[in-house]
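Undergrad: Before I ask anything, let me first share the structure, which is written out below as structure tokens.
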Amino acid sequence: MWKSLRMRTAITVIVCLVALFYLTPTLTSNLPPFWKENLPKETIHLGLDLQGGMHLVLEVDTEKAVESNAERLTNNLREAMMESRIRFKHIERTKGSSISLELPDSASQSAFERLIKEQYADLEQVGSEVVDGRHKVTLDIRSKRKDEIKKLAVEQSLETIRNRVDQFGISEPEIIPQAENRIIVQMPGVKDPGRAKNLIGRTALLEFKLVDEEHSLEEAIKGNIPEGDELLNEVRVDRQSGRRSTSPILLKSKTLLTGESLESATVQIGDRFGEPHVSLKFNSQGAADFERITGENIKKRLAIVLDGSVHSAPVIQERISGGNAQITGSFTMDEARDLAIVLRAGALPAPVNILEERTVGPSLGKDSIERGIWSILLGGIAVVVFMVVYYRLSGFVANLALLLNILLILGALAAFRATLTLPGIAGIVLVIGMAVDANVLIYERIREELRLGKTPRAAIEAGYAKAFLTIFDSNLTTLIAAFFLFGFGTGPIKGFAVTLSIGLVASMFTAVFVTRIVFDYFVWNRKLQTLSI
Amino acid sequence: MELIKQNMNLDFVGKMKIAFVASVVMIVVSILSIVVHGGLNYGIDFAGGTLVQIKFNAETPTEKIRSAFKPIGLENSIIQQVGPQEFVVRTHESSSDTKGLSGKIDDALTTAMGKGTFEIRRVEVVGPKVGKDLTNKAIWALVFSWIGMLVYIAFRFELRYALGGILALVHDTVITVGALSLLNKEFTLTIVAALLTIVGYSINDTIVIFDRIRENVRKNPRQPLGELINTSINQTLSRTILTSLTVLIVVVILFFLGGEVIHDFAFALIVGVIIGTYSSIFIAAQFVTVWERFRPAKKRKS
């Protein structure tokens, strides 16, 4: 008998020590060096609602990725057909990812079909009709390829956003893909949420295009945009007033160079006005292209287009070698810095939309922790007092179990690297209320048995035995509810399910196993004749 | 100390009819309230929208905030004071562009009251798409939790007990939601968490009684089921009330101290714990006697 009591005590002590062991890094910040090297140093991880930060759910607009792919293919196809002298008319991307064009005769038709077959395996012909002797053809990207493009777009977006967040300088960000085309971004301790969102959400597609100076801008504004041209807005900032104004500008749609050819982008301060600008350096291929493009287009204007608006369109004075360029515009220091980051990290392959945002400021998080601790303390004290008043000395035993329970919950949170959220704290408070239930069940049973005239020893034995099954059944059904809560919940609610579940399991150990040791000790070894219950 | 005197034998089964009428009334009132309010008052988690919590440095009247929102077209949003100089602003609009409504609110307040006179402490934006997802998930979570428990109780006890238990759960959920609707409280994600907790808590209570019935049936197989159930409820009564009390103490503390985020959650729990305790005593086990009347168990070992 002694032996088993000793064994049980040993198990209890070991379990508690393990919990304490995992909790140590949370309790004290100055750990001895040997601990830091070899032992767990994870502290209890606080959720964004407690430490402050930003939670974003982004959706990658994959349809747009397919569309821009189709746009590129249209431009490629136009050039390829011009090169191989196939006659055609009105090639354009129509709805979604389909491309339509007209072929005047059967010779060009067969040449066209050969070209598609040989060089554009991603495209398939989905429609053809003869109108007034001309052949109208509709092409579309094969659906398998479309899926590939979508998947790739999500993967690239994930990577790009990760790069941007890393460079923004946030400690321990989490960027997780979710479902088909969603990305969750968690950034603890963000100070300027608006800036962070802007940094993550902008497409940052940098393009170099020629300004069309041959056609009339007025005509284009009226709606007669020449074939192969596009009308964009140029953003101008007045240096004195800082006011932004936009004016339309006609560009050739062909993209000469994109941000993909960049090697780096850095912020530099201009000599004349002390204004920050972003200085670009092309990679070797990009530099060669840039040199060729500038050489071929001297005296023409080259537009720098960022996300569909023209930042500047300087006249090319001479062939530019060396692969350097710069984007000017009245940036603030932060704007220039963020632009450099997004250009370095690369463009998003498709626009992203923010589906969900939850931001908690650090001061609110601090408040929540304080309130949580107060709730735990007061709830705990109230229950402890209640138990002692109602069950006298046995109440103390139940309270011991309650304390151990809280210790185990916190230890488990640290060990499993679970996240403590505000609802998680509510879960702990609730567990305080519910954990004593096991002891209430046992004690009420023992009281009943005592009333039947049993000795304390027999009453304890019967009480524990009969109550155990009830405790097991009732806790298990609650666990089932917690399980669904976990499966369904988003961040904070998951935290509630976690603490509730851990608490329930721990209470099976503390309220049933541990308290029994105390009772057995007094009844077996101290030969207790009356129970204070 | 004892709350319930020993050998107390209250006639719960005899009061069954009153209890059933009371429950039906509560359920009808709940459903009526939901209908009259034109459905539940969905928070932004489900309906989509924007929530911004702002703390001002000085006393600020609601009208002043409202007039500050006029230029950005948000003067009709719900503005609720949640603490000294602290407000929560809710609107069902959401925007997916990166600046979003919170940025606009920030700008509008800065224009109206000056920089540094306030602090934006919390922003929640849920787009309509996510709202729909969350609604579906919430309904499934509740329904699956019911089914999960139904299966477990049917396995551990009998089907009729399981049906009684689940009936009590649905009863608790409907009445708690009804109470929220009566007070026009918002129905949010945390409320769903509260409902699932209530479900877990209420079934816990019910099982304790079922367990006692099962034990008593084994001991006295010849006694009529109604009597057995009544005895079992009485025997477990002090435990039922004690546990409910301790849980109630802590949720009341959460209600007063937990802060804005936890407030409604704690309120739902208070209602749920009370109704859950009531239903464990008056609905779950008693359903078994009703069932017995219509479909008597085939063989009871004699």
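Undergrad: Restricting to the stretch A:82-104, what's the tally of residues that are at negative phi and part of a strand (DSSP E or B)?
TA: So the count comes out to 9.
Undergrad: Further question: With the checklist (1) within 29 Å of A:L17 (Cβ to Cβ); (2) surrounded by fewer than 17 Cβ atoms within 10 Å (Cβ to Cβ); (3) within 12 Å of another protein chain (Cβ to nearest Cβ) in hand, flag the one item A:L393 doesn't pass.
TA: With (1) within 29 Å of A:L17 (Cβ to Cβ); (2) surrounded by fewer than 17 Cβ atoms within 10 Å (Cβ to Cβ); (3) within 12 Å of another protein chain (Cβ to nearest Cβ) applied to A:L393, the lone miss is (3).
Undergrad: For the stretch A:239-297, give me each residue that is of a type in the set (D, E, K, R), in contact (Cβ under 8 Å) with a residue 24 or more places away in the chain and closer than 23 Å to A:L77 by Cβ.
TA: A:K252, A:K254, A:E260, A:D289
Undergrad: A further question follows. If you go through the stretch B:14-58 one residue at a time, how many are in a loop (DSSP other than H, G, I, E, B) and either free of Cβ contacts under 8 Å to residues at least 12 places away in the same chain or farther than 24 Å from B:L101 by Cα (or both)?
TA: 4
Undergrad: Can you tell which of A:L450, A:L410, A:L441, A:L420 is farther than 15 Å from B:G200 by Cα, at pLDDT 90 or above and within 27 Å of the chain's Cα centre (by Cα)?
TA: Just a single option satisfies the conditions, and that option is A:L410.
Undergrad: A follow-up question, please. From the residues in the stretch B:211-252 that are among the basic types (K, R) and either facing chain A (nearest Cβ under 7 Å) or surrounded by fewer than 17 Cβ atoms within 10 Å (Cβ to Cβ) (or both), which one is nearest to B:L10 (Cα to Cα)?
TA: Looking at residues that are among the basic types (K, R) and either facing chain A (nearest Cβ under 7 Å) or surrounded by fewer than 17 Cβ atoms within 10 Å (Cβ to Cβ) (or both), I get B:R239.
Undergrad: Now for a different question. What number of residues in the stretch B:1-59 are basic (K, R) and either surrounded by 11 or more Cβ atoms within 10 Å (Cβ to Cβ) or under 18 Å from the mean Cα position of the chain (by Cα) (or both)? First the steps, then the outcome.
TA: If we filter the stretch B:1-59 for residues that are basic (K, R), which is where we start, we get B:5, B:15, B:17, B:55.
Still in the list and also either surrounded by 11 or more Cβ atoms within 10 Å (Cβ to Cβ) or under 18 Å from the mean Cα position of the chain (by Cα) (or both): B:15, B:55.
So the count comes out to 2.
Undergrad: For A:N233, state whether it is out of contact with any strand residue (DSSP E or B) (no Cβ under 8 Å at 6 or more places or on another chain), within 30 Å of A:N69 (Cβ to Cβ) and in the same structural domain as A:A313 (by TED's automatic domain parsing). Even if it seems obvious, please write down each step before you answer.
TA: Values: out of contact with any strand residue (DSSP E or B) (no Cβ under 8 Å at 6 or more places or on another chain): no; within 30 Å of A:N69 (Cβ to Cβ): yes; in the same structural domain as A:A313 (by TED's automatic domain parsing): yes.
Answer is no for this residue.
Undergrad: How about the stretch A:408-513: which helices (runs of 4 or more DSSP H) wholly inside it have at least 3 residues that are in contact with a Ser or Thr (Cβ under 6 Å, 6 or more places away or on another chain) and either more than 28 Å from A:K41 (Cβ to Cβ) or basic (K, R) (or both)?
TA: Filter on the stretch A:408-513 gives A:422-451, A:456-488.
Undergrad: Considering only residues of the stretch A:23-55 that are more than 27 Å from B:G259 (Cβ to Cβ) and among the hydrophobic types (A, V, I, L, M, F, W, C), which is nearest to the chain's Cα centre (by Cα)?
TA: A:L39
Undergrad: Moving on. Grab the helices (runs of 4 or more DSSP H) fully contained in the stretch B:207-302, keeping just those with 2 or more residues being at pLDDT 90 or above and assigned by TED's automatic domain parsing to the domain that holds B:H171.
TA: Working: elements: B:225-257, B:260-279, B:285-294.
Fully inside the stretch B:207-302 and qualifying: B:225-257, B:260-279.
Undergrad: Is it the case that some residue within the stretch A:509-530 is hydroxyl-bearing (S, T, Y) and over 20 Å from A:A401 (Cβ atoms)?
TA: Step one: of the stretch A:509-530, the residues hydroxyl-bearing (S, T, Y) are A:510, A:515, A:521, A:530.
Then drop every residue that is not over 20 Å from A:A401 (Cβ atoms), which leaves A:530.
Within the stretch A:509-530 (the criterion being hydroxyl-bearing (S, T, Y) and over 20 Å from A:A401 (Cβ atoms)), the answer is yes, since at least one residue qualifies.
Undergrad: If you don't mind, another one. From A:V360, A:V431, A:V384, A:V352, grab the single residue that is within 7 Å of chain B (Cβ to nearest Cβ), β-branched (V, I, T) and buried (at least 18 other Cβ atoms within 10 Å of the Cβ). Steps first, please.
TA: On the way: A:V431 fails: within 7 Å of chain B (Cβ to nearest Cβ); A:V384 fails: within 7 Å of chain B (Cβ to nearest Cβ); A:V352 fails: within 7 Å of chain B (Cβ to nearest Cβ).
Going through A:V360, A:V431, A:V384, A:V352 in turn, just one is within 7 Å of chain B (Cβ to nearest Cβ), β-branched (V, I, T) and buried (at least 18 other Cβ atoms within 10 Å of the Cβ): A:V360.
Undergrad: I'm trying to understand the selection: among the residues of the stretch A:324-345, which are at pLDDT below 85 and touching a Gly at 6+ places or on another chain (Cβ under 8 Å)?
TA: The answer is A:T328, A:S330.
Undergrad: Could you please let me know if A:L377 is outside the structural domain of A:H277 (by TED's automatic domain parsing), in contact (Cβ under 8 Å) with a residue 60 or more places away in the chain and among the aliphatic types (A, V, I, L, M)? Lay out the reasoning, then the answer.
TA: On the way: outside the structural domain of A:H277 (by TED's automatic domain parsing): yes; in contact (Cβ under 8 Å) with a residue 60 or more places away in the chain: no; among the aliphatic types (A, V, I, L, M): yes.
When the stated conditions are applied, A:L377 does not pass them.
Undergrad: When residues of the stretch A:406-428 are filtered for being within 7 Å of another protein chain (Cβ to nearest Cβ) and among the charged types (D, E, K, R), how many remain?
TA: The qualifying residues number 0.
Undergrad: With respect to A:E318, is the statement that it is closer than 30 Å to B:V82 by Cβ, touching a residue at least 12 places away in the same chain (Cβ under 8 Å) and charged (D, E, K, R) true? Before you say what the answer is, go through the steps one by one.
TA: Working: closer than 30 Å to B:V82 by Cβ: no; touching a residue at least 12 places away in the same chain (Cβ under 8 Å): yes; charged (D, E, K, R): yes.
No.
Undergrad: Sticking with this structure for a sec: Is it true that A:G395 is in a helix (DSSP H, G or I) and modelled with pLDDT under 90?
TA: Details: in a helix (DSSP H, G or I): yes; modelled with pLDDT under 90: no.
The answer is no for A:G395.
Undergrad: Going by the structure shown, is A:G424 free of Cβ contacts under 8 Å to residues at least 60 places away in the same chain and buried (at least 22 other Cβ atoms within 10 Å of the Cβ)? Break it down into steps so the answer makes sense when it comes.
TA: On the way: free of Cβ contacts under 8 Å to residues at least 60 places away in the same chain: no; buried (at least 22 other Cβ atoms within 10 Å of the Cβ): yes.
Against the criterion (free of Cβ contacts under 8 Å to residues at least 60 places away in the same chain and buried (at least 22 other Cβ atoms within 10 Å of the Cβ)), A:G424 does not qualify.
Undergrad: Can you confirm whether A:S368 is of a type in the set (S, T, N, Q), in contact (Cβ under 8 Å) with a residue 60 or more places away in the chain and more than 14 Å from chain B (Cβ to nearest Cβ)? Break it down into steps so the answer makes sense when it comes.
TA: Numbers: of a type in the set (S, T, N, Q): yes; in contact (Cβ under 8 Å) with a residue 60 or more places away in the chain: yes; more than 14 Å from chain B (Cβ to nearest Cβ): no.
Here the answer is no, as A:S368 does not meet what is asked.
Undergrad: Evaluate the stretch B:250-260: report whether one residue or more is in contact with a helix residue (DSSP H, G or I) (Cβ under 8 Å, 6 or more places away or on another chain) and at positive phi.
TA: Yes - at least one qualifying residue is present in the stretch B:250-260.
Undergrad: Out of A:A196, A:A153, which single residue is more than 30 Å from A:S108 (Cβ to Cβ), touching a residue at least 60 places away in the same chain (Cβ under 8 Å) and touching a helix residue (DSSP H, G or I) at 6+ places or on another chain (Cβ under 6 Å)?
TA: Residue meeting the stated conditions: A:A153.
The values are calculated or read from the model by the stated rules, or taken from the named source; none is laboratory data. In this text, all values refer to a predicted model and were calculated from it rather than measured experimentally. Every residue, glycine among them, receives a Cβ derived from its backbone with ideal geometry; neighbour counts consider all protein chains shown.
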